[in-house]
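The values are calculated or read from the model by the stated rules, or taken from the named source; none is laboratory data. Keep in mind it's a predicted model, so treat the numbers as computed, not measured. Quick reminder, even Gly has a Cβ in these numbers, built from the backbone with ideal geometry, and neighbours come from all protein chains shown. The protein model used for the area step is the full one, side chains on, heavy atoms only, and it has no ligands, DNA or RNA in it. Shrake-Rupley method; radii C 1.70, N 1.55, O 1.52, S 1.80 Å.
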Amino acid sequence: EAPPPLRPAASMILISRQPEIQVLWVRRSEANPFLGGFHSFPGGRLSREDGPIDGGPVAYELAMIRCAVRETFEETGILVGLRGSPPDLETQRTLRRQLLDGNLKFWPAVERWGLTLEPAEFRMSGRWITPHFSRGRFDTMFFVAEVDGAPPPDVWPGELESGEWTGPKRALGLWEEDRVALAMPTLYAFRVIAEGGHDLPRRLRAMPEANGIPSRHVDVRVGITMVPLRTATLPPATHTN
């Protein structure tokens with residue numbers, strides 16, 4: 001049986017350096033069918049309005065940047081990497097409600113507000129592919145972007161439960177105490193950022209799995225690594241741990 005198809009997605013590693021380095025993370029709803037209950041970075045699946053992905057690497061990356069910007073706004077209410085003066089918060093909240101209800105599209109609204117995307121604000125910092133043994137599989141491009149201060153996230157219950165800014169060492173401490181669950185891309189990113197905020201895009205791409213090579217194992221918890229092997233096991237299962 002062939003593995004599930006890959007779905008294009010994008011994720012935003014939002015950094016604030018004042019007074020010290022902080023990262024925005026969100027907690028996914030327990031009911032979420034993919035990584036329910038996990039902490040992650042804002043992001044999600046590509047939408048048609050984000051642009052075509054079949055026009056070569058530059059067009060693909062631009063569409064993924066647009067995806068990450070849109071998803072970050074939908075999930076946290078934070079606008080990133082847009083030049084111009086955004087409308088007041090209540091107008092933004094109204095747009096968000098219409099977006100989430102499926103009654104409006106993000107990029108045409110941004111254009112009406114007179115805002116333009118600044119692709120140079122985003123640095124590609126990894127491309128992770130969900131392991132082949134996962135039921136839901138994504139091809140996710142990660143981007144680092146920096147913001148002044150730490151704008152408070154406004155997470156509405158649904159796909160997510162909460163969001164906040166955190167120091168990378170605090171996030172790793174909570175993981176090591178088994179108080180939060182982190183998927184491998186998130187765990188790896190926090191480990192890299194905890195070692196310093198310099199040269200992040202290159203350092204975040206410094207392992208094979210961050211370059212589109214699916215992992216053959218999963219770090220489930222501290223000291224627990226799962227290595228699924230394809231076997232002739234009882235259907236519908238395809239792997240044995």
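Residue-by-condition table, conditions (1) touching a residue at least 12 places away in the same chain (Cβ under 8 Å); (2) touching a helix residue (DSSP H, G or I) at 6+ places or on another chain (Cβ under 6 Å); (3) among the aliphatic types (A, V, I, L, M):
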| position | (1), (2), (3) |
| --- | --- |
| A150 | yes, no, yes |
| K169 | yes, yes, no |
| Y188 | yes, no, no |
| A194 | yes, yes, yes |
| R202 | no, no, no |
| V220 | no, no, yes |
| V227 | yes, no, yes |
| T231 | no, no, no |
| H239 | yes, no, no |
Checklist entry - So which residues in segment 33-55 are part of a helix (DSSP H, G or I) and open to solvent by 20 Å² or more (accessible area, probe 1.4 Å), if there are any at all? => result R48, E49
Item to check | In segment 197-241, the residues that are under 22 Å from T166 (Cβ atoms) and outside any loop (DSSP other than H, G, I, E, B) | outcome: L200, P201, R203, L204, A210, D219, V220, R221
Checklist outcome for this item: Of the conditions (1) open to solvent by 40 Å² or more (accessible area, probe 1.4 Å); (2) farther than 22 Å from A68 by Cβ; (3) touching a Leu at 6+ places or on another chain (Cβ under 9 Å), the single one that H239 does not satisfy is (1)
Checklist entry - Among the numbered criteria (1) within 30 Å of A194 (Cα to Cα); (2) exposed (fewer than 13 other Cβ atoms within 10 Å of the Cβ), which single criterion is violated by L14? => result (2)
Next on the checklist: If a residue must be within 21 Å of D148 (Cα to Cα) and not in a helix (DSSP H, G or I), how many such residues does segment 72-112 contain?
Outcome noted: 12
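Looking at segment 72-99, which of the residues that are of a type in the set (D, E) and under 20 Å from L46 (Cβ atoms) is surrounded by the most Cβ atoms within 10 Å (Cβ to Cβ)?
To start, the set of residues in segment 72-99 that are of a type in the set (D, E) comprises 74-75, 88, 90.
Next, from what is left, pick out any that are under 20 Å from L46 (Cβ atoms): 74-75.
On the way: E74: 20, E75: 26.
Top of the filtered list is E75.
What residue, of V58, V69, is hydrophobic (A, V, I, L, M, F, W, C), in a helix (DSSP H, G or I) and surrounded by fewer than 19 Cβ atoms within 10 Å (Cβ to Cβ)? Please lay out each step first, then the result.
Details: V69 fails: surrounded by fewer than 19 Cβ atoms within 10 Å (Cβ to Cβ).
Only one candidate qualifies: V58.
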Checklist entry - Applying the selection to segment 17-32, what residues are hydrophobic (A, V, I, L, M, F, W, C) and open to solvent by 60 Å² or more (accessible area, probe 1.4 Å)? => result A31
Item to check | Residue satisfying condition, being open to solvent by 20 Å² or more (accessible area, probe 1.4 Å), free of Cβ contacts under 8 Å to residues at least 12 places away in the same chain and either on the phi > 0 side of the Ramachandran plot or of a type in the set (S, T, Y) (or both), within set G158, G102, G212, G114 | outcome: G102
Item to check | Filter result (buried (at least 19 other Cβ atoms within 10 Å of the Cβ) and assigned to a helix (DSSP H, G or I)) within segment 173-193 | outcome: W175, P185, T186, Y188, A189, F190, V192, I193
